[in-house]
1. Suppose we look only past 24 Å in the calculated P(r) of segment 114-238. What percent of the Cα-Cα pairs does that tail hold?
2. Quick one: plug the Kirkwood hydrodynamic radius of the chain (C-alpha pairs) into Stokes-Einstein at 25 °C, 0.890 mPa s, and report D in µm²/s.
3. Carbon and sulfur atoms: what percent of the 1.4 Å accessible area of the chain do they account for?
4. Over its Cα atoms, what ratio of radius of gyration to 2.2 N^0.38 Å does segment 1-57 give?
5. Between Phe93, Phe80, Phe67, find the one with the highest GNM mean-square fluctuation for the chain; connect C-alpha pairs within less than 10 Å.
6. Pull out the extension gain between Ile234 and His21, defined as 0.36 nm times the separation in residues minus the alpha carbon to alpha carbon distance; nm, one decimal.
7. Quickly rank 15-21, 113-119 as a protection proxy: mean count of other C-beta atoms within 10 Å, highest first.
8. In Å², and per residue, what accessible area does the chain have when probed at 1.4 Å with the other protein chains present?
Amino acid sequence: MLDYLKRTRRVTPALEEKARHYLSLGYQRLLSFECRGGGFEWFGQGSGIVFLSAYGLQEFHDMSRVFDIDPQVVERTRSFLLSRMDTEGAWSFDGCPHGARVEALPLDQQKLGLTAYVLWSLLEAGTPAEEPHVQKGLALLHRAAATRDPYLQALAALALLSADRTDPRAHAILDELIRGRVQEGGLVHWTGGTSVISYAAGEALDVETTATIVLALQKANRNLDVASQALGWIVTKK
């Protein structure tokens, strides 16, 4: 919010002071969840969890736009994530329950969603696209097109676009997503497939799926009229 208010020149000194106070409290709280062996866990105990660590990496990256972040925290988290890639070039859920909806998916599909999410986080946080681990993971994401799952496809598109905004694989995925949108009057949304990163189901999964697709469209700088209609639909679900 502080980043948005600064960019739109709507921030006031009092509001910025309040936001920075909350940022300071939140940052210290987040650091308390870091594990000694690297990564982040629900309570900062035991071993780090891959998807929480990838989520944390995005949090720190976003926060760094308006708040001083220890670069060593980012580097430790990045190193932890890279160390947990398997020989195939993928990441697997580990160290936490992730619900029957995810467990019911084929292992390959579970890995695909998490791998796309981790790659997106690494690239957004400044990891070079040429990094060997990243290249190995990106090579797997062509499988996303075959899943027909809009949430997985959107995550894959975000990862590919974060590496190269002109990647034809990402744009082919976005073409398919645009064709599959649900139009209701002047608003647009997508119905989710099976959640991989969160526990979302039903309408909550539709909201998460639609939001993820909007992020991909914005990153690709295309179909922004559709993205705007989708944001309008998201607002109605508040």
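The values are calculated or read from the model by the stated rules, or taken from the named source; none is laboratory data. What you are looking at is a predicted structure, and each value in this text was computed from that prediction instead of being measured. Here Cβ is always computed from backbone atoms with ideal geometry, including for glycine, and neighbour counts include all displayed protein chains. Just the protein is used for accessible areas: all its heavy atoms, side chains included, with ligands, DNA and RNA removed. Shrake-Rupley method; radii C 1.70, N 1.55, O 1.52, S 1.80 Å.
1. 23
2. So the translational diffusion coefficient is about 131 µm²/s.
3. The nonpolar share, carbon plus sulfur, comes to 54 percent.
4. 1.47
5. Among Phe93, Phe80, Phe67, the largest mean-square fluctuation in the Gaussian network model of the chain belongs to Phe67.
6. 73.8 nm
7. The packing order, highest mean first, is 113-119, 15-21.
8. Computed with neighbouring chains in place, this is 50 Å² per residue.
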